[in-house]
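Quick notes on the structure that follows.
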Amino acid sequence: MNYTLNQLQIFLKIAQTLSITKAAEELHLTQPAVSIQLKNFQAQFDMPLTEVVGRKIYITDFGKEIAVSAERIIEQVYAINYKTAAYKGLLTGSIKISVVSTGKYVMPYFLTDFLKLHPEVELVMDVTNKRDVVESLGRNEVDFSLVSVLPPKLETEKMELLKNKLYLVGNTESTFPLENTTEIFNELPLIFREDGSGTLQTMMNYLERNDIRFMKKMELKSNEAVKQAVLSGMGYSIMPLIGIKNELLNNEMQIIPVKGLPITTQWTLIWMKGKNHSPAAAAYLDFLKHDRQRITSEKFGWYEQF
């Protein structure tokens, strides 16, 4: 047997996701690379680890036993690494964070300096929609979550990191008056985020609160998809400023001034009330208490232009 730790990690991820594509995405590898490593790993066993039915991959009973063993081996390797670092007096452990999809433009800037200070700390960050973010927090699967709309049904503690401004935006093919009433929505085809998105919730709250009639053009599942649709001229949308900086500065997209906009919420880091933080998570909170204002000033000063 000459299997590697990398092969164990890849096979475990395939067993957890039941998808080579999803395993590749979560491991930040290409799909062919994952397939090759699975093939090389399988070659070391006489019995099949997986089977393909139709287009779906399934783990055999033997494969499930190997996956359990792989998880134990990987945990032991991590334990060895943590103990080694702790012996050297370094902060060790992991921080698990779930982030709403648009929050991927925010969270890395509040993590980079901390991870540079503590290179032995492992980061696990899941970027998904608001519904999944809240569910993972409620199941105590993560240390923190980054949201722009606070979940009403969970008892949480919070730390506000950055303002979240949402504007009506379109490409630059058309011109608009410097002031517009909400009646402009009667004329513009709107592009929406999918159900479960915090951006959608904020957008709908604004439309309903102002009793606005609107034309729904389409619904898309990511901020990037909405942005590309807007850029191509397919419609307009209410979007977070944080995700369209380059397009605005490059004059590819424009903010359309409308009464009642921008909508302002807060990018907020939350955690379950009373949670007993690990040393790494506690150290990260302490870091943010002292440095979040500095990070906001250094990394998001461009906000003031809009």
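The values are calculated or read from the model by the stated rules, or taken from the named source; none is laboratory data. None of the values given here were measured: they were computed from a predicted structure. All Cβ positions, glycine included, derive from the backbone under ideal geometry; neighbour counts span all protein chains shown. To get the accessible areas, we keep the full protein, side chains included, count just its heavy atoms, and leave off ligands, DNA and RNA. Shrake-Rupley method; radii C 1.70, N 1.55, O 1.52, S 1.80 Å.
Okay, here's what the table says:
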item	result
Mean Cβ neighbour count within 10 Å, used as a protection proxy, ranking 66-74, 99-107, 238-246 highest first	99-107, 238-246, 66-74
Structure-derived percent of Cα pairs over 35 Å apart: which label, when the choices are (1) 18; (2) 38; (3) 34	(3)
Among K130, K56, K116, residue whose mean-square fluctuation peaks in a GNM of the chain (springs only between Cα atoms under 10 Å)	K56
C-alpha long axis of helix 198-209 to longest principal axis of the chain, angle in °	30
Accessible area of the stretch 99-221 divided out per residue, in Å², using a probe of 1.4 angstrom	53
Fully extended contour minus Cα-Cα distance, from D291 to I36, at 0.36 nm per residue	87.5 nm
Percent RCO, i.e. relative contact order, over the stretch 58-199, from Cα pairs under 8 Å lying at least 6 residues apart	24
Carbon plus sulfur fraction of accessible area for the stretch 228-306, probe 1.4 Å, in percent	46
Rounded to 10°, Cα long-axis angle of helix 279-299 versus longest principal axis of the chain	30
Part-to-part distance (alpha-carbon centres) for the stretch 137-213 and the stretch 92-122, which is given in Å	24
DSSP-defined beta bridges in the chain - what % are antiparallel, rounded to 5	60
Highest-MSF residue in the chain out of E160, E173, E120 [GNM, Cα springs under 10 Å]	E173
5 Å-binned pair-distance histogram of the stretch 122-206 (Cα, whole percent)	2, 10, 19, 20, 16, 10, 9, 8, 5, 2
Whichever lysines have a C-alpha closer than 22 Å to that of K56, once near sequence neighbours (fewer than 8 apart) are set aside	K13, K22, K39, K64
